[in-house]
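Worksheet for the structure shown next.
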Amino acid sequence: MTPADREHSSPPTNTSSDPIYGAIEAHRAAYAAYDAAAEADDDENEATFRELDIASQRLMRAEASTLAGLIALLQYAAQLFQEAGAPALPVEVPYAGRWSAAFGKFCANVADRLMAIVAAQSAPERIDRVADPIVEATAPLIDDFEMARRAARGAIEAMAS
């Protein structure tokens, strides 16, 4: 992403609902500071690179909690991955200098977060869809309808995990 792209890109929406936006903004700020220090002395340049590396590590490991946040992460990272020759994501450093290992870790993190987000959003609906017929079938045998519902939900949740 060129400095102009970073300056003119629209800020993410729903920033308060997902911590991923903070990681994106922290990385964006660290990258801008690194760009600004490119002409500075070696100590300042090295310090801003270390900050960029730390922000990159946090960005690649950040846990999105919403689909919108995960999409924002992927859109932001895609711009960085496509930037030729720029140190936007020096994440390979802790992976013995292997970019493929660092990228694989990022992909695994995104996949894990996607599964967690989808499971969190769909599990109660799916459980209720299965639990309701069980409750309807067993309710005449149980005096407490809510207790039957809790028992059915608990059994289904246990089987799903």
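The values are calculated or read from the model by the stated rules, or taken from the named source; none is laboratory data. What you are looking at is a predicted structure, and each value in this text was computed from that prediction instead of being measured. Don't worry about glycine lacking a Cβ; one is built from the backbone with ideal geometry, like all the others, and counts go over all protein chains shown. Please note that ligands, DNA and RNA were not included when accessible areas were found on the heavy atoms of the full protein model with its side chains. Shrake-Rupley method; radii C 1.70, N 1.55, O 1.52, S 1.80 Å.
Return yes when Ser17 is of a type in the set (Ser, Thr, Tyr) and either touching a residue at least 40 places away in the same chain (Cβ under 8 Å) or open to solvent by 30 Å² or more (accessible area, probe 1.4 Å) (or both) and no when it is not.
yes
Matching residues to (1) closer than 22 Å to Ala102 by Cβ; (2) surrounded by 14 or more Cβ atoms within 10 Å (Cβ to Cβ):
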| residue | (1), (2) |
| --- | --- |
| Ala29 | yes, yes |
| Asp35 | yes, yes |
| Thr48 | yes, yes |
| Glu51 | yes, yes |
| Gln57 | yes, yes |
| Ala62 | yes, yes |
| Thr66 | no, yes |
| Gly69 | yes, yes |
| Gln75 | yes, no |
